[in-house]
Amino acid sequence: MKPFVPTPAAPIECPPRSPGSALEAYLARLYVDEKVRARFLFDPRNEARRAGLEPSECDDLARLDCVGLELAARSYAAKRKRKSVA
């Protein structure tokens, strides 16, 4: 099986509703969307910028614990799967 190689995508639309909501919406996408997460892990700062986040938010996300992000995403996916079966 060939490894997933992220490809550039159109800008991610995360319309701000209040201060910080664009960041929260993007974090939610990182947890649930494998392709968005793969692109982010490949180039965190630029993907955060493409999502329309503030420069300081992009810098913060670039320092995100990538292993923790992946573990959390897998955990949330397992929970969603269990809920859908129940």
* Provide the per-residue ³J(HN,Hα) series for segment 56-72, in order, calculated from phi with Karplus coefficients 6.51, -1.76, 1.60 and θ = phi - 60°, each as a whole number of Hz, with x at glycine and proline positions. => 5, 5, 4, 4, 4, 5, 5, 9, 4, 5, 5, 5, x, 4, 5, 5, 5
* Structure fact -> Within the under-13-Å Cβ sphere about residue 80, not counting residue 80, Lys/Arg +1 and Asp/Glu -1 give a net charge of +3
* Structure fact -> The simple spin-label model distance between residue 67 and residue 54, using points 7 Å out along Cα→Cβ, in nm, is 3.1
* Asked: What is the order of 85, 36, 67, fewest Cβ neighbours within 10 Å to most?
  -> 85, 67, 36
* Structure fact -> Percent of all Cα-Cα pairs per 10 Å bin for segment 18-86, counting from 0 up to the last occupied bin, reads 21, 51, 22, 7, 0
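All of the numbers you see were taken from the coordinates with simple rules; none came from a lab. Remember, predicted model here, so these are calculated numbers, not experimental data. Positions of Cβ are backbone-derived with ideal geometry, glycine not excepted, and every protein chain shown enters the neighbour counts.
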